[in-house]
1. Distance from a point 7 Å along Cα→Cβ of Ala223 to each backbone N in region 76-96: keep the residues under 19 Å and list them by number.
2. Report the extension gain between Gln139 and Asp70 in nm, rounded to one decimal, defined as 0.36 nm multiplied by the number of residues separating them, less their alpha carbon distance.
3. What is the Cα coordinate range of region 126-198 on the first, second and third principal axes, sorted by size from largest, in whole angstrom?
4. For a Förster distance of 30 Å, can you work out the FRET efficiency between the beta-carbons of Val77 and Ala205, rounded to the nearest 0.05?
5. With each label point set 7 Å from Cα along the Cα-Cβ vector, what nm distance links Gln16 and Glu38?
6. Each label point is 7 Å from the Cα along the Cα-to-Cβ direction; what then is the distance between the points at Arg94 and Thr236, in nm?
7. Picking from Val238, Val202, Val77, which is most flexible by a Gaussian network model of the chain using Cα springs under 10 Å?
8. For Arg164 paired with Ala147, estimate the spin-label separation in nm (one decimal), with each label point 7 Å from Cα along the Cα-to-Cβ line.
Amino acid sequence: MTTGVRRRMGVEERRQQLIGVALELFGHRSPEEVSIDEIAAAAGISRPLVYHYFPGKQSLYEAALRRAADELASRFVEPREGPVGARLLRVMGRFFDFVEEHGPGFAALMRGGPACPSGAARPAGAVSATHTVIDGVRQAAYDHVMAHLGVRGRPPARLDLVVRSWVALAESTALIWLDGRRVPRAELERQLVHNFGALVAVSAAYDEEMAGFVAGMLADEPADGPFGDLVGRLVTLVAGTPAVPAQALR
C-alpha cells in the first residue's frame, strides 16, 4: 500500500533521474522547445532543485546528449559471427530503432545541438562539447564496422574512406527519412547495407588491395544475404537495360 511519502534520492540518483527525464523530453521535441519548468514537473521536483543539480538547461542537455550518444553507439555493437552483410543489416535495424524512438533528439544530436533563441550564437564551449559527443558516436560506429571487417591497425586508405563515408551516409539518410518517412524503413535499412557493398565494390575497381579485401569479404556471403541480394538486383537491372554506346558516356 502506497503511503504517499516521496522517497528521498541521493545526489547521483537524482542527477540520473533528471538526465533520463530530459532525454525523454528531448527525444520527442526539439531541445529548444523544452523548458526547465517542464523538466522539473516531469521529475516531480521544483525548478530551483533542478538548478541545484545542473547549472542550466545547456548542461542538462549535454548530459542527456552524452547518455543518448552512448546508447546510439551501443546500437553498433554486434557479435562478430556470421556473414558481414547480415551483421550490418542487424546493426541498421537497431540504429533505426533509436532514430524512431528519439526522432527530434536524434536530429538535434546529429545537427550539433539545440538552436539558440532569436538566432543567437551558442557559447563556444557548448558547441565544442556537443561536437565532441557527436564525433565520439561517429568514431564508435567506424570502429565497430572496422572490427566486423576484421581490420586491425591502420586500415587501407580507400577502406578508411569507404567506412567513414558510409557512416556519414547512414546518418544523413536517417535525418532525411525522419522528415516524412516516405520510404519504408525496412527497405531503407537493406538499401544502406547495399550502399556499403556498392561503395567497397567501386573502390575495389580502382585498387588491387581493395579488390582482394572485397573478395575475402564476399567469400562467406550466402546468395540469399544482403550482398547476394544486391548482386542479383544489379544483374537483373543490367540485363534489362539496353546497351549504351561508349561514345555516349563520354
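Derivation of every value follows stated rules applied to the coordinates shown; laboratory data play no part. Predicted, not measured: the structure shown is a model, and the values here were computed from it. Here the Cβ positions follow ideal geometry from the backbone for every residue, glycine too, while neighbour counts run over all protein chains shown.
1. 83-86
2. Working: separation 69, 0.36 × 69 = 24.84 nm, distance 1.17 nm.
Residue separation times 0.36 nm, minus the Cα-Cα distance, leaves 23.7 nm.
3. Between the extreme Cα coordinates on each principal axis of region 126-198 lie 40, 37, 16 Å.
4. Numbers: r = 32 Å, r/R0 = 1.05.
The computed FRET efficiency comes out at 0.40.
5. 2.6
6. 3.0
7. Answer for the Gaussian network model of the chain: Val238.
8. 2.1
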